[in-house]
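Colleague: This is the structure I have questions about; it appears just below.
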């Protein structure tokens, strides 16, 4: 619906515009200005700082943009298409290059309310807001609330806000409205869609608590009659002076139905802005504006931009292009700008450790001036030191330099960190990587993050690390001290963000781990094994879900500008990935501020049971389970998102504690990933982590998916390292130790498990999973090997660590066993763990019988697959001379298509950079251990249905010589499908697909890699079958969607129990006759008969098939 409205003094213009006088220009529409790294210039309608592109109409006539393309790729000029929207002469139209893909037509109502915030206004009365000169036309910020009628709380002091839009009545009848706020507020409603008819219906004259609806009688309106389907203009004004702040509006619908706050599906705005389906690279990408006929009407060549610098035309619409340090999105560009961008200064010596004083020279373009600083600040022409002579470097310094030149945009700053290595550590060497953490003159504290610097020196996975040598990375960082009880230890733990020259997060790979900006230097202190967390995280990754990767390092903690000496040696640390959103971290959908309606609001969330940070309140379910927000943080989560995840947890607990809690459709199964809950319980109990369930207990929920328990975190008080709550005892369940007096936060998660274990089916699954894990991940051998392998790795460094921290043989809270030596600590821990395993075994009943599987086929996806290329077939990596073949059928007729074709790389199977260790089989890859850098995956892309039918994968795998087959693989959904469908065929010729005998043929997908196993045990038709095939299809609610989304796969394998050898049975039909003689002779002649059982034909077991084997088969027949 579109709303026609009269001018109203409380509204602002719908689209940013200004009018200028221009000379005639051949093409009226131009890309007038853009920004590709927006960190603080202007926020979009979700309150996020995204890239933007400004279109300007320099002509004299209005232009309708419907059907125009806006792209960053010449080969895809219609990558994003304008909706039905017009741009008037002299008007600027702002388009956000955010990747959100929003295309509202002009004046179209979409869900949401316009929120305008006015800062710097004292007073607590709404009158203070209305009387201020900035009201209504100059708000400090503007965004759209897309969820419930509630604004963010506790955002500041001395501000006012206006929230306005339309409300659509769901039914005819009488409605009652409420408003609550801190401080004053007023609620207005019109009798029609016209804002001019607005009258005040409720107000808060003082202040209320959040959602305190009945403090004042004036908060409640009189009954108002509304007509079903009609739109009514609604507006709330609120003024905050100091203290807490919030604003909520609720209503009672006909029939007495309370909805407080009002749900987002009833709220509408016409101010939703345009968002493309891509963002712009700050390194530079072309921008192209194309008319519906395919003619390029304007374009700008790739230009690299610094943060918050724009590039555009001056005057507007002209051909003169400049850099602007005062961007003007949505309005007239500055009259002056910079024609060129200076490159950063050149340093005569790269940063890193050094031993002798040297002279540092700086160079830049002729005519430029270089300013530098030695205090870590960005140099400016007013605050920096003008470079005139070489700089004497004799200590530990951070040198930052920037070039300036008339008419040029100042260069980006460039930073080098020089670490002077003292004589007493110049011979230092280690088998671990080394980190030098420079605090300079500002100590890192537990409070706000402090600017610092770090130097990372790698040993290239096995070489010796020296302090003097090549560095892996030097970076400015923002760091603080982490931990709770650990802060009392002298060996501190640090969290840090890698940052670029402008203090923005900068992703970098550290010591072979995937690139990111957010890291932790964990300091094992009370854990004198140094490895308890590393053991837990390694085991957690073995479950097939993400767990933090780690690298042991040795740390030098340096202060001031002097030399780095042995005084600064700080011991063995563990570099750990932080739990956060990310493709290589918790790989779930990143929830954005604009995701406030279904299905977007359903994820992804990361939450935890833990202590709160300062200023946080957390959330508490109806049954008292207390949790904290992790991602989005409590400050970043919108009110609608907080309500949604809390309601989800309430619904889960209601289902869990209901009478029918075991019902697969309505019970707990509908809300949680049961397997992840079981795995998390088992690792917590195996290692007996004394903070388990009650602290550092993480969970996450992806969009349209269930709640997953994990990742594992903070297991330093495990493996017997606690002298309370039975932590030192290898016998006994830990969860039974918890009660209301010692749960600290609460016992909510522990109580979930108590209830789950009242379900016999859950208990059966848990026991089976335990015995399954005992075959490999939790086996005595694997766990002992892990301890002794870490011990070997740490054998040198632990000596230095305990020289720096001489605590062996001393009590450190909360040690139970006080080992006199490092070896004794490990011996005790290993013995404790073996005893623990035996005790849990005694609690889990009789172990089931597991198949003795042998690998028959394995598909390895690596760099040998061509990239960005539609694939039709992939041969199995193992066996090398086998007949395993993966074939792909595309939903689009004519596949594969040529580059430039409209269907190029659509409905395709392609290589994808998405390695995962789940189901990786080293025996299928020449016994090579998993190496992420060399591994890849494959993807099947949208659309999944089309004129060629549907996408599916077919695996041709002769099962000759095997029975009780198991087909396994890893897979994850990336917004393309909801589930997989598995079928098989055993006939020759045209496949006849069936699911007969399969225990599960529908496999629900998750956004995180999962292990999928299709069990053919007992399906005798699949055993020893030349024609065995498996087909994987895709299912979901919108399989015709074409958004470049995908399902990703990895590590397909087929294994089975090997049939006993039958000497002479060359054709694998379980009998020996003259056909086997003929088959063997054919093999010897090189005709490659199929099927052919090599081991059966090799009657004399010499590893060679020749005529002698054929003769021996004749003898076998004769002897029969």
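Coordinate-derived values only; no laboratory data. Note that the structure is predicted; figures quoted are calculated from it, not measured. In this analysis, Cβ positions are derived from the backbone assuming ideal geometry, glycine residues included, and neighbour counts consider all displayed protein chains.
Colleague: From the alpha carbon gyration tensor of segment 491-582, can you work out the equivalent ellipsoid semi-axes (sqrt of 5 times each eigenvalue) and give them in Å, largest to smallest?
Modeller: On the way: eigenvalues 117, 83, 17 Å².
They are 24, 20, 9 Å, listed from largest to smallest.
Colleague: Still on this structure: In terms of the Cα gyration tensor, with a ≥ b ≥ c the square roots of its eigenvalues, is segment 419-577 rounded because a/c is under 1.5, prolate because a/b exceeds b/c, or oblate?
Modeller: Details: a/c = 1.32, a/b = 1.21, b/c = 1.10.
Rounded shape, in that the Cα axes give a/c under 1.5.
Colleague: Distance from the Cα centre of segment 804-839 to that of segment 551-604, in angstrom?
Modeller: Comparing the Cα centres of segment 804-839 and segment 551-604, I get a distance of 29 Å.
Colleague: OK, next. If you rank 324, 768 by fewest surrounding Cβ atoms within 10 Å, what's the result?
Modeller: Details: 324 20, 768 16.
In order of increasing Cβ crowding within 10 Å: 768, 324.
Colleague: Rounded, prolate or oblate: pick one for segment 1074-1119, where a ≥ b ≥ c are the square roots of the eigenvalues of its C-alpha gyration tensor, a/c under 1.5 means rounded, and failing that, prolate if a/b is larger than b/c, else oblate. Intermediate results must be reported in sequence, preceding the final value.
Modeller: Numbers: a/c = 1.71, a/b = 1.27, b/c = 1.35.
Oblate, since a/c reaches 1.5 and b/c is not below a/b.
Colleague: What's the whole-number percent of alpha carbon pairs in the chain lying beyond 38 angstrom?
Modeller: Values: 381820 of 626640 pairs.
Result for the distance tail: 61 percent.
Colleague: I need the shape label for segment 608-740. Rule: rounded when a/c is under 1.5, else prolate if a/b > b/c, else oblate, with a, b, c from the alpha carbon gyration tensor.
Modeller: Numbers: a/c = 2.03, a/b = 1.33, b/c = 1.52.
In terms of gyration-tensor shape, oblate.
Colleague: Helix 780-794 versus the longest principal axis of the chain: what is the Cα-based angle in degrees, 0 to 90, to the nearest 10?
Modeller: 60
Colleague: Right, something else. Defining a contact as two alpha carbons under 8 Å apart and six or more residues distant in sequence, what relative contact order in percent does the chain show?
Modeller: Details: 2697 pairs, mean separation 74.0, N = 1120.
Over the chain, the number comes to 7 percent.
Colleague: May I have the convex hull volume per residue, in Å³, for the Cα set of segment 110-269? The partial results should precede the final answer.
Modeller: On the way: hull volume 15.6 nm³, N = 160.
In segment 110-269, the Cα hull volume divided by residue count equals 97 Å³.
Colleague: Relative to the longest principal axis of the C-alpha atoms of the chain, give the angle of the C-alpha long axis of helix 674-687, reported between 0 and 90° and rounded to the nearest 10°.
Modeller: Roughly 70 degrees, rounded to the nearest 10.
Colleague: Restricting attention to the alpha-carbon atoms of segment 809-952, what are Rg (one decimal) and Dmax (integer), both in Å?
Modeller: Computed over the Cα atoms of segment 809-952, radius of gyration and Dmax are 24.8, 74 Å.
Colleague: Would you mind pulling out the separation of the Cα centroids of segment 88-102 and segment 1053-1094, in Å?
Modeller: Result: 68 Å between the Cα centres.
Colleague: As I understand it, the value is the acute angle between the Cα axis of helix 822-843 and the longest principal axis of the Cα atoms of the chain; what does it come to in degrees, rounded to 10?
Modeller: 80
Colleague: Quick one: in segment 314-374, what % of C-alpha pairs are over 13 Å apart?
Modeller: Cα-Cα pairs in segment 314-374 separated by more than 13 Å: 74 percent.
Colleague: Can you give the Rg to Rh ratio of segment 146-212, both from alpha-carbon atoms, with Rh computed by the Kirkwood formula?
Modeller: Numbers: Rg = 13.4 Å, Rh = 13.8 Å.
Ratio of gyration radius to Kirkwood radius for segment 146-212: 0.97.
Colleague: Here's another thing I want to ask about it. Given the rule -39500 (n - 2.57) for each run of at least 4 DSSP H residues, summed and divided by the residues of the chain, what is its mean residue ellipticity at 222 nm, to the nearest 500 deg cm²/dmol?
Modeller: Numbers: 12 runs with 145 residues, N = 1120.
Value at 222 nm, helices only: -4000 deg cm²/dmol.
Colleague: Right, here's the next one. Could you work out, for segment 892-983, what percent of all Cα-Cα pairs fall into each 5 Å distance bin, beginning at 0 Å and stopping at the bin that holds the largest distance?
Modeller: Per 5 Å bin, starting at zero, the Cα-Cα P(r) for segment 892-983 comes out as 3, 9, 17, 19, 18, 15, 12, 6, 1, 0 percent.
Colleague: If R0 is 60 Å, what FRET efficiency do you get for residue 813 and residue 39 from their C-beta distance, rounded to 0.05?
Modeller: The pair residue 813/residue 39 has a calculated efficiency of 0.90.
Colleague: Which log10 I(q)/I(0) values does segment 991-1120 give at q = 0.13 Å⁻¹ under the Debye formula, counting every alpha carbon as one identical point scatterer?
Modeller: Log10 I(q)/I(0), no solvent term: -0.72.
Colleague: Expressed in nm², what is the orientationally averaged projection area of the convex hull enclosing the Cα positions of segment 854-1058?
Modeller: Details: hull surface 44.1 nm².
For segment 854-1058, averaging the hull's shadow over all directions gives 11.0 nm².
Colleague: Could you put 491, 580 in order, starting from the residue whose Cβ has the fewest other Cβ atoms within 10 Å? Could you put the intermediate results ahead of the total?
Modeller: Values: 491 19, 580 14.
Listed from fewest to most nearby Cβ atoms, that is 580, 491.
Colleague: Now for a separate question. When you have a sec, figure out the Kirkwood radius of segment 346-415 from all distinct Cα pair distances and drop it here in Å to one decimal?
Modeller: On the way: mean 1/r = 0.0798 Å⁻¹.
One decimal place: 12.5 Å for the Kirkwood radius.
Colleague: Which length gain, in nm to one decimal place, applies between residue 1094 and residue 470 when the Cα-Cα distance is subtracted from 0.36 nm times their residue separation? Could the numbers behind the result be given before it?
Modeller: Details: separation 624, 0.36 × 624 = 224.64 nm, distance 5.25 nm.
Going from the current span to full extension adds 219.4 nm.
Colleague: Order of 804, 836, 611 from fewest to most other C-beta atoms within 10 Å? Kindly include the intermediate steps, with their values, before the conclusion.
Modeller: Working: 804 18, 836 21, 611 13.
Least crowded to most crowded, the residues run 611, 804, 836.
Colleague: For segment 342-363 and segment 916-966, what is the separation of their C-alpha centers, rounded to whole Å?
Modeller: 50
Colleague: List the relative contact order of segment 110-269 as a percent without decimals, with contacts defined as Cα pairs under 8 Å and 6+ residues apart. Numbers along the way, then the final one.
Modeller: Working: 462 pairs, mean separation 54.9, N = 160.
Computed over segment 110-269, the figure is 34 percent.
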